[in-house]
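Since the structure comes first, as structure tokens, the remarks are kept for the end.
A short reminder: the numbers here are calculations on the coordinates, not readings from a lab. Since this is a predicted model, take the numbers as computed values, not measurements. Cβ placement follows ideal geometry from the backbone for every residue including glycine, while neighbour counts extend to all protein chains displayed.
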Amino acid sequence: MSTPDITEAKDEVLRASFAALQRASLLARETAILTGTNLVLFKDGRLLRIPAHELRSQSSASVHEAPCTYSPSEP
């Protein structure tokens, strides 16, 4: 069974929530860069802390097109 695409939901608020999450993600990245703090993500059951310098190097690419490429050095 495949997961339905949220952008095709019947509920207008549900459809708009995807764009809101994208805006929140972009704002969180920008805030982390401006404050020099880590961006904390939950991915594959683990917390990832992406340092601001890594976010700066990724900022030249489109945020929506560039996947998270940061890999912590510790397991």
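For L48, the residues whose modelled amide H falls within less than 5 Å of its own, excluding neighbours fewer than 5 places apart on the same chain, are L41, F42, K43.
Taking a Cβ cut-off of under 13 Å around A52, the surrounding Lys, Arg, Asp and Glu residues balance to a net charge of +1, with basic ones at +1 and acidic ones at -1. Across segment 7-58, the relative contact order, built from alpha-carbon pairs under 8 Å that are at least six residues apart, equals 23 percent. Within the shell defined by Cβ-Cβ distances under 11 Å, the residues around R15 carry a net charge of -3, with Lys and Arg each +1 and Asp and Glu each -1. The phi torsions of segment 33-42, fed into the Karplus equation with coefficients 6.51, -1.76 and 1.60 and a -60° offset, translate into couplings of 5, 5, 9, x, 10, 6, 9, 9, 10, 10 Hz, rounded to whole numbers, with Gly and Pro shown as x. Taken one residue at a time, the phi angles of segment 5-17 give Karplus couplings (6.51, -1.76, 1.60, θ = phi - 60°) of 6, 5, 6, 10, 5, 6, 6, 4, 5, 5, 4, 6, 5 Hz. Gly and Pro are set to x. In segment 7-58, Rg over Rh equals 1.11, where Rg is the alpha-carbon radius of gyration and Rh the Kirkwood radius from pairwise Cα distances.
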